[in-house]
Amino acid sequence: MLKAMLGEAWLAMGANRLRAALTMLGMVIGVGAVVIMLAIGQGAQYAVQQTISTMGSNLFIILSGSLTAGGVRSGAGGGPTLTVGDANAIDELDGVANAAATHQGGRQLVYGSQNWSTQVIGTTPAYLGARAWNVVNGAAFGDSDVRSATRVALIGKTVAENLFGSEDPVGKTMRIQQSPFVVVGVLGPKGQNLDGRDQDDTVIIPLSTAQRQVFGTPFLGSVRMIMVQAESAEGMERTMADVTALLRQRHRLREGMPDDFFIRNLSAAAESEAETTRTMSILLGAIASISLLVGGIGIMNIMLVSVTERTREIGIRMAIGARQADILMQFLLEAIMLSFAGCLLGLVLGLGIALGINAVTGMVVVISGSAALVAFAVAATVGIFFGWYPARKAARLDPIEALRYQ
Amino acid sequence: MTEPVIRVAGLGKSYATAAGLFTALKGVNLEVREGEYIAIMGPSGSGKSTFMNLLGCLDTPTCGEYWLAGENVAHLDNDSLARLRNRTLGFVFQGFNLLSRVSLQDNVALPLVYAGVDKEARRARARLLLDKVGLGRYAESLPNRISGGQQQRVAIARALVNAPHLILADEPTGNLDSHTSEEIMRLFNELNGEGITVILVTHEPDIAAHAKRQVRFLDGEIVSDHLTEHAPC
């Protein structure tokens with residue numbers, strides 16, 4: 001019986017092709033819009049998450065306090081309040097995965113006839129762990145290199161390309177300032193960070209070497225920044241509190257005295273960025289689903305017209321034994337079929353456009369099976385929801401009145 | 001004596017109108033035995049259409065009782081009435097009332113769809129009845145390809161498809177010329193000859209003359225009920 005009814009619904013649609021097509025168009029546009037918006041929204045989310053994962057997870061940084069000289073305050077990182085000893089003590093704390101003291105600044109690199117200005121980071125091997133950064137060619141330097149201040153360097157992909165071109169940089173000697181450094185490894189590519197800066201345009205050297213040979217420091221053993229990685233996202237707050245307490249104790253700060261350092265949560269910034277894109281994609285989806293609603297109302301409208309037009313047919317069907325449930329089912333099936341067909345076309349259209357956007361603009365789009373599933377569920381729901389009222393109206397017709405209808 | 005196909009006792013129907021309560025049918029009593037051939041006559045407004053709607057289970061009475069094939073149907077719900085219309089009754093209308101979009105065969109098979117018969121059986125049964133009314137060769141045609149008289153034959157085939165206890169025909173020749181009317185009446189005569197109970201509503205005396213018994217309505221009451229004097233053999 002269901003099969004016979006489906007056949008009849010198909011016939012009814014075929015009897016008024018243009019009208020069925022126009023009604024479906026509403027659903028096509030609605031579902032298409034939802035699919036495109038979801039693909040773009042999830043694409044943006046994916047892109048942000050990719051960027052965040054290159055930064056490293058559960059990170060926070062500690063900057064040394066400011067220095068005031070002649071009424072001019074230096075800003076964070078200016079004063080000599082943090083030491084390598086602080087970094088080592090933080091590393092011993094529970095809940096800390098990595099703690100790396102760093103000292104960084106822009107410097108000119110020279111190799112043969114090439115030169116390149118880049119960011120030089122002096123740090124310890126823990127830094128690579130915190131940033132989840134691996135060496136793809138050659139090997140990282142170790143703690144012994146930091147202790148003995150050897151002149152070795154790890155270079156980012158961008159530096160390798162600009163300074164060494166097609167040559168293999170490992171084992172080559174380049175100069176930073178006047179000091180020669182041996183390139184021991186090339187870092188894996190990370191791409192842009194959230195600010196749009198190229199993370200691969202960098203050189204990493206041992207902290208001690210950086211302080212003695214490259215930057216120089218008026219206070220030996222002091223550092224500007226310590227990067228800390230907590231063991232878990234849940235433990236971040238606690239670890240930050242522990243670190244603050246430890247540093248206050250080590251710096252002999254009494255109750256009531258302000259911190260002589262700054263703590264910044266890097267992951268929180270990244271999280272909020274991810275949250276923003278998530279909100280954005282939900283918003284886009286919500287706007288797109290309004291067009292789905294409009295499509296549904298179109299179906300309801302046309303089904304109401306159809307019920308009125310076919311009043312006599314309904315009367316005949318009732319006279320020869322159709323129950324109210326049969327009539328209800330017949331019109332409901334028609335509405336669902338309309339919305340389903342519209343949904344299928346919309347899905348194809350939406351995927352096509354999303355892939356087109358990806359091909360033309362290179363924007364990341366993510367097409368997930370769940371999005372398609374959601375679109376289908378919505379189509380069925382829209383069909384039932386907006387088909388219900390007209391179908392019920394048809395089923396509740398009085399057979400005598402319906403038969404008399406001209 | 002066997003149970004009558006129809007037994008109606010004190011059947012009444014009234015409507016609320018703007019002018020107050022209007023009583024269309026005032027306590028009618030009637031018995032119809034199997035194999036009878038009855039013409040219901042009367043001017044418009046006499047209550048005969050209301051009576052037919054009640055007999056056809058399209059409407060429920062305000063008062064009184066109605067036994068159809070031994071079942072009291074006066075107070076049944078909508079679904080049960082639909083089942084009776086489907087299995088126990090066959091309708092023939094003045095306006096033929098075929099579905100214009102589907103073939104004659106599918107029109108005839110439609111009651112079987114609601115009876116839950118499978119497709120093959122539906123097709124075979126519909127074909128059989130189209131052959132019976134002499135239109136088997138048009139099985140795949142649409143209703144608008146054939147004449148009015150032929151359409152009414154298809155409607156009669158549809159009424160018969162579920163082997164009902166009786167056929168209710170409401171002015172079956174009202175839209176047909178006299179020659180075609182005669183043909184349709186001959187078909188009814190044949191069906192009755194096979195033992196099928198037929199009740200038809202008409203206001204034409206020569207159509208009513210085909211029936212074996214004539215019941216006349218006036219102002220919501222039966223005013224005469226007698227056998228046709230010169231019943232055609």
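The values are calculated or read from the model by the stated rules, or taken from the named source; none is laboratory data. Worth saying up front: this structure is predicted, and the values here are computed from it rather than measured. Cβ atoms come from the backbone with ideal geometry, glycine included; neighbour counts cover every protein chain shown. Areas reflect the complete protein model, heavy atoms only, side chains present, ligands, DNA and RNA absent. Shrake-Rupley method; radii C 1.70, N 1.55, O 1.52, S 1.80 Å.
Structure notes:
- If you check B:GLY12, B:GLY35 for being of a type in the set (Gly, Ala, Ser) and assigned to a strand (DSSP E or B), only one passes: B:GLY12.
- Taking the criterion of being buried (at least 21 other Cβ atoms within 10 Å of the Cβ) and either assigned to a strand (DSSP E or B) or in contact with a helix residue (DSSP H, G or I) (Cβ under 8 Å, 6 or more places away or on another chain) (or both), the residues of segment A:112-132 that qualify are A:THR118, A:VAL120, A:ILE121, A:GLY122, A:THR123, A:THR124, A:ALA126, A:ARG131.
- Taking the conditions (1) under 26 Å from B:GLY220 (Cα atoms); (2) open to solvent by 50 Å² or more (accessible area, probe 1.4 Å); (3) within 13 Å of chain A (Cβ to nearest Cβ); (4) not hydrophobic (A, V, I, L, M, F, W, C) in turn, B:PRO43 satisfies each one other than (3).
- The sole residue among B:GLY47, B:GLY12, B:GLY35, B:GLY27 that is within 18 Å of B:HIS226 (Cα to Cα) and touching a residue at least 24 places away in the same chain (Cβ under 8 Å) is B:GLY35.
- For segment B:105-118, the criterion of a residue being touching a residue at least 60 places away in the same chain (Cβ under 8 Å), open to solvent by 20 Å² or more (accessible area, probe 1.4 Å) and not in a helix (DSSP H, G or I) is satisfied by no position.
- Every residue from segment B:127-143 that is open to solvent by 70 Å² or more (accessible area, probe 1.4 Å) and over 12 Å from B:ASN107 (Cβ atoms): B:ARG127, B:LEU128, B:ASP131, B:LYS132, B:ARG137
- Given (1) without any contact (Cβ under 8 Å) to a residue 24 or more places away in the chain; (2) within 7 Å of chain A (Cβ to nearest Cβ), number of the condition B:PHE91 does not satisfy: (1)
- If the condition is being open to solvent by less than 10 Å² (accessible area, probe 1.4 Å), modelled with pLDDT of 90 or more and in contact with a helix residue (DSSP H, G or I) (Cβ under 9 Å, 6 or more places away or on another chain), then segment A:170-185 contributes A:MET174, A:PHE181, A:VAL183.
- Lone qualifier among B:LEU55, B:LEU84, B:LEU76 - being open to solvent by less than 20 Å² (accessible area, probe 1.4 Å), away from chain A (no Cβ under 11 Å), closer than 20 Å to B:LYS13 by Cβ and out of contact with any Phe, Trp or Tyr (no Cβ under 7 Å at 6 or more places or on another chain): B:LEU55
- Selection of first residues in segment A:1-24 that are within 9 Å of another protein chain (Cβ to nearest Cβ) and of second residues that are open to solvent by 30 Å² or more (accessible area, probe 1.4 Å) and in a helix (DSSP H, G or I), restricted to Cβ pairs under 7 Å at least 6 apart or on distinct chains, gives the following pairs, ordered by first then second residue: A:MET5/A:MET329.
- Residue that is nearest to A:SER166 (Cα to Cα) [pool: residues in segment A:107-153 that are hydrophobic (A, V, I, L, M, F, W, C) and under 27 Å from the mean Cα position of the chain (by Cα)]: A:VAL136
- Residue within segment B:65-72 that is of a type in the set (Ser, Thr, Tyr), over 18 Å from B:PHE188 (Cα atoms) and within 11 Å of chain A (Cβ to nearest Cβ) present: no
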